[in-house]
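Let me begin by presenting the structure, written as structure tokens, before commenting on it.
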Amino acid sequence: MAEVKLQDISFRYNTELVLSNITFSVNQGEFVVAVGPNGAGKSTMLKIIAGLIEPISGQVLIDHKDVRQAAKQGIIGYVPQHYAQNTAAFPATVEEIVALGLVNVQGAVKNKGAKHIVTHMLELVGAQELHGRRIGELSGGQQQRVMVARALAGNPQLLLLDEPTSGVDYAASAKIYELLSQLNNTLGITIVMVSHDIENATRFASKVACINHSLCFFGSSEQFRTNHATMQHLWYYSTYTG
């Protein structure tokens, strides 16, 4: 399990200030969903937590370590937006895709029992029957399960997901949220997820972060649904001038 702390995070794309002074903490084993309008900085924030981009100010600590150090240690599993769709054209099997999660930054497989781990990860996400199929043959919901298995293969303590149900029908979306909730509850993996599916996401997550350039709300899912879900800034993007 991993603890995540964002301290005064700000970020610019060229001259546009996308995030301003974002501060909140995710406790070990929590399931946090980030919501807000398009273009408000949610995916940018997730990339900063993953160590893929650096903020212009502030810092991210994961288990009291700098995020880049945590990433090198394999603490973080990251599923970017549309990753499954982008991978679908590859002539690779499900087993081969999941095995990529075992490859470290030097290109070496981290564990000799790779085949066993891949099988176990597919069992965890309920996709063991898909092991020999090509990734492009699968439905959107099946592809997303495989991408979660790939992220889990490296045994992360923190799982980051950017719109994991994008392009997936309602029934499949519900199953993905149930899967993530089960992984969170049974394995204790800390989860931070970006989602536009506010109804489902807040039902399964323990806490909600509302982002519209700055942090508009951070608290329990119950508090969010009761006091914040109808707020205008949750739905409308505004140009931030700082």
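The values are calculated or read from the model by the stated rules, or taken from the named source; none is laboratory data. The model shown is predicted, which means the values in this text are computed figures rather than measured ones. Note that we place each Cβ from the backbone using ideal geometry, even for glycine, and neighbour counts take in every protein chain shown.
Here are some conditions: (1) more than 30 Å from residue 127 (Cα to Cα); (2) modelled with pLDDT of 90 or more. Residue 194 meets all but one. Which one does it not meet?
Unmet for residue 194, out of (1) more than 30 Å from residue 127 (Cα to Cα); (2) modelled with pLDDT of 90 or more: (1).
Looking only at region 6-63, count every residue that is within 29 Å of residue 188 (Cβ to Cβ), in contact (Cβ under 8 Å) with a residue 60 or more places away in the chain, outside any loop (DSSP other than H, G, I, E, B) and among the small types (Gly, Ala, Ser) and tell me the total.
Of the residues in region 6-63, 2 are within 29 Å of residue 188 (Cβ to Cβ), in contact (Cβ under 8 Å) with a residue 60 or more places away in the chain, outside any loop (DSSP other than H, G, I, E, B) and among the small types (Gly, Ala, Ser).
Please count how many residues of region 158-169 are in contact (Cβ under 8 Å) with a residue 60 or more places away in the chain and either farther than 15 Å from residue 204 by Cα or part of a strand (DSSP E or B) (or both).
Count: 7.
What is the residue count in region 75-94 for residues that are modelled with pLDDT of 85 or more and not in a helix (DSSP H, G or I)?
Residues meeting the conditions: 8.
Search region 110-139 for residues that are within 23 Å of residue 174 (Cα to Cα) and pair each with any residue that is at pLDDT 85 or above and hydroxyl-bearing (Ser, Thr, Tyr) when their beta-carbon atoms are under 8 Å apart and the residues are at least 6 apart or on different chains.
From region 110-139, the pairs are 128/119; 131/93; 131/119; 135/93.
Any idea which of 183, 179, 161, 187 is more than 15 Å from the chain's Cα centre (by Cα), at pLDDT 85 or above and in the same structural domain as residue 69 (by TED's automatic domain parsing)?
187
Looking at 16, 30, 54, can you tell me which residue is assigned by TED's automatic domain parsing to the domain that holds residue 228, acidic (Asp, Glu) and under 28 Å from residue 200 (Cα atoms)?
30
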